[in-house]
Amino acid sequence: MYFEQYPAYTERISFRNLLAPVIRDERSEFKDIIKCFDTDKNIPRDFKPHLFFLGFGLGVYGELVKLLDELHKKTKYLTETKRLLTNNGQVNVNDAKAKLNELESEVSRVNASMEQLRNNDSFEIVQNELVQLDAQLREVRDQQKAIKYKIKQIDILPQPENISEREIAILFNQFKSGLGDMIKKSLDDVVAFKSKIDNFRNTIVNTNLIKLKADLQVLNEQARRLDTLYSEKVSILDNGELLGNLKTAIRIFNEKNQELSTLRSLIGQYNQADKEKKNLIAQKNIKISEFDENITGHEAVIDSFEQSVLDIHDKIFGNKQSHFEIGTKNSNQAKEFIYFDLRTDDDHSWSTERIKVFIYDMALMFNEYTRIYHPQFLVHDNLFNVDNDSLEKSLNYVYQQEQNRGEEFQYILTINRDMIEVMEEKKVLNFDVEEHIRARFTKESRFLKVKYNEVQKRK
């Protein structure tokens with residue numbers, strides 16, 4: 001048989017995965033034949049169980065899913081690397097690569113200049129002297145800062161408050177009237193005592209301030225002398241061509257070298273990611289071609305399945321204006337490489353999309369090829385929120401299958417009783433509804449026998 005050439009068990013499929021199209025989540029809203037889960041959940045479309053029912057080997061599909069995932073991640077990484085490399089698109093990649101060449105040239109020139117300085121016979125001696133002078137300059141400047149801070153502190157000290165003799169006399173008399181003979185000092189004694197305190201304070205502050213300014217003057221002179229000596233030593237290393245200041249040369253070298261290292265790393269990452277992306281695209285193209293060959297090899301199955309779709313469509317809509325095909329799409333931006341295209345009469349209306357799911361699921365369960373892998377078990381929870389005519393014909397179709405196939409399949413449908421009553425009154429159903437009811441739930445007779453509210457998970 002055909003399925004011996006293309007076994008569906010080349011890659012395992014989980015039982016949970018297999019049941020997704022068989023027991024669709026009611027919150028999927030039955031508006032997509034592939035998406036079987038709650039529309040609020042960001043669950044990717046999974047073609048694996050559908051391909052399994054159609055007898056496809058799942059190996060190539062699994063490899064392509066992994067390749068597309070890697071390609072998506074690599075594209076995202078490449079985009080972020082390009083953003084850093086081009087400074088948010090202000091320059092293009094080729095300009096960044098040209099800048100890399102210029103930076104390499106600049107670093108090479110600066111390094112050559114430094115090497116030329118180092119090759120001087122007196123370089124090591126002068127370099128050591130420069131290091132010592134630099135250390136001495138830092139120490140002197142630290143001392144200058146400390147003394148300037150002390151002088152600033154003295155300058156902001158509050159001046160002694162100048163209280164007039166008349167004010168002191170008033171205060172003194174107030175105390176004298178209250179203390180009587182206990183106060184013996186005269187007003188002149190109090191004034192003299194205050195003057196001694198102020199003079200003592202001023203003497204200490206002024207003496208300290210004079211000393212600090214003298215020390216600062218000495219340090220200023222010392223710093224000037226060291227700076228002059230430092231400049232003289234540096235001039236010895238001046239090659240008169242590129243950089244005369246060794247300290248500046250080292251600083252420029254470090255800055256340029258850091259910029260060069262960062263840019264070289266980004267360009268390396270970009271080139272590697274671009275190479276890996278192209279390799280993934282090439283692998284993906286090969287696998288898509290391989291999958292296209294599988295589709296071609298499955299033409300008999302796909303054509304048979306389409307015929308099942310047309311037959312069911314004719315039972316419900318009264319015509320065969322329908323179509324089914326499986327194909328691939330090769331886009332570097334698309335997260336999917338495969339599509340199932342099922343078209344029905346009056347596509348894209350809300351109710352027709354639900355009927356489309358019904359037709360597809362029934363075709364999977366009853367088609368001569370797909371039924372081999374199908375569990376022959378199907379649940380539609382609140383699927384038929386459609387017009388009465390479509391519902392009537394859909395239910396009569398299932399009853400016809402029951403008559404033809406007996407108990408080899410099981411179909412479970414949940415539906416509101418009032419939707420059936422109208423059809424019962426018109427006697428348009430070909431079967432006795434009561435004979436097919438397996439459970440009935442009302443507000444008085446609840447499911448699970450208790451009143452409950454479904455807990456919504458917080459996002």
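Could you please rank K82, K76, placing first whichever residue has the fewest other Cβ atoms within 10 Å of its Cβ?
Values: K82 19, K76 11.
Listing K82, K76 from fewest to most nearby Cβ atoms yields K76, K82.
In order along segment 132-146, the Karplus-derived 3J(HN,Hα) couplings, from 6.51 cos²θ - 1.76 cosθ + 1.60 at θ = phi - 60°, round to 5, 5, 4, 5, 5, 4, 4, 5, 5, 5, 5, 5, 4, 4, 5 Hz, and Gly and Pro are given as x. Sparsely packed loop sites in segment 301-403 (the chymotrypsin sites (Phe, Trp or Tyr not before Pro) outside DSSP H, G, I, E and B with at most 15 other Cβ atoms within 10 Å) do not occur.
Bear in mind that the values in this text are calculations on the coordinates, not laboratory data. Please read these numbers as outputs of a predicted model, since none were measured by experiment. All Cβ positions, glycine included, derive from the backbone under ideal geometry; neighbour counts span all protein chains shown.
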